[in-house]
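The values are calculated or read from the model by the stated rules, or taken from the named source; none is laboratory data. Nothing here was measured: the structure is a model prediction, and the numbers come from that model. Cβ sites come from the backbone with ideal geometry, for glycine too, and all protein chains shown count toward neighbours. Ligands, DNA and RNA are excluded from the accessible area calculation, which covers all protein heavy atoms including side chains. Shrake-Rupley method; radii C 1.70, N 1.55, O 1.52, S 1.80 Å.
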Amino acid sequence: MADEKYKALTTENILGSAGFIIALAGLIYAIIEMFTGWAPLLGWIVLTVGLILSIIGIFKNPKDIAISGTTISVIAISLLIVNGASFNSKSPIKPPIDSNNIRASYTNQMDMETLQTLYNPETILEHKKKKLKEAPTLENGVIENERIKIQITSHKIIPIGAKGNESGNKPIIAFWFEVTNKSSIYTSALGSWGEYIAIYQDTRSDLLNTLKSTTLDDAQFLDSASRLSEEIEIGATVKCAIAYGLDDDEIPVDLAYRDFLSEEVYGKINYQIK
């Protein structure tokens, strides 16, 4: 369940990437069609598909590749429109293919080095880590919006075998918190925590490492955990606790207040392990 809860944090923008690649192919068709008149209908079809997928991809994250696909599609469609008008008003005879002209036109329309940078997974990862690093510090452990208020009251590092972590195989970091429902929308402690909070520990260079939630062995914590999924009435407050297995016993942990879908980080709290 924990893997599913945080799956969105590492899911790539598949539609945006597909739109970008198709739009790039459409741009090449458009340029070739300008000089040869070859398969103009195919160019229109490819570009239309690329434009649609790219626009859909803008509403997912990461957005950069989808925005690039949309831009390429618009540029290429403009080329086809201008070329069609030129063809109708001047001559039905197309000049022969000139590879130098094709390369020059392509280079002028889009900087390939820029496209490769935008599409590079390492660049996307660096952008995510930069957003987390530059996020403002949350004051007094309060996370609040128009729907809910989460007050983090305390935290504790619990070693393996210590009370609350007797059966664990990793040290854990536990959080005690209160959730207040401010709206008429269905709200639970677990839903609110999972929607707005992620716990990171920067132990790997190849991803934004998200810690997995685990249970606390103490009886009072188990009772608290049983209330995580209960609906919170409007204006009511529920006290709960949750824990995460640490992947390292020295590297600090970041608690991030972020949007579950867009991954935009609004604030964070840094917790030292030692």
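Measuring nothing but protein heavy atoms, the accessible surface of region 234-274 at 1.4 Å probe radius is 51 percent carbon and sulfur. In the complete set of protein chains, residue-level accessible area for THR237 is approximately 70 Å², probe 1.4 angstrom. Between GLN151 and VAL74, the contour length at 0.36 nm per residue exceeds the Cα-Cα span by 23.1 nm.
Efficiency by 1/(1 + (r/R0)^6): what FRET value for ASP206 and LEU261, r their Cβ-Cβ distance, R0 = 22 Å, to the nearest 0.05? The calculated FRET efficiency here is 0.40.
Test of understanding: what is the full-extension gain from SER229 to GLU126, defined as 0.36 nm times their sequence separation minus their Cα-Cα distance? Walk me through the intermediate numbers first.
Numbers: separation 103, 0.36 × 103 = 37.08 nm, distance 3.45 nm.
This chain segment gains 33.6 nm when fully extended.
Taking 29 Å as the cut-off for C-alpha to C-alpha distance, list the pairs among LYS163/LYS212; LYS130/LYS163; LYS129/LYS156 that go past it. In this structure, LYS130/LYS163 exceed 29 Å between Cα atoms.
Accessible surface for VAL46 stands near 30 Å², nearest 10, in the context of the full protein assembly shown (1.4 Å probe). The residues packed around GLU250, meaning those with a beta-carbon under 13 Å from its beta-carbon, carry a net charge of -3 if Lys and Arg are +1 and Asp and Glu are -1. Residue order by solvent-accessible surface for VAL49, VAL265 is VAL49, VAL265, largest first, with ligands and nucleic acids left out and a 1.4 Å probe. Distant-in-sequence amide contacts of GLY267, defined by a placed amide H-H separation under 5 Å and a gap of 5 or more residues or a different chain, comprise TYR257. Here GLU166 and VAL142 are evaluated by their C-beta separation; at R0 = 25 Å the FRET efficiency comes out at 0.20.
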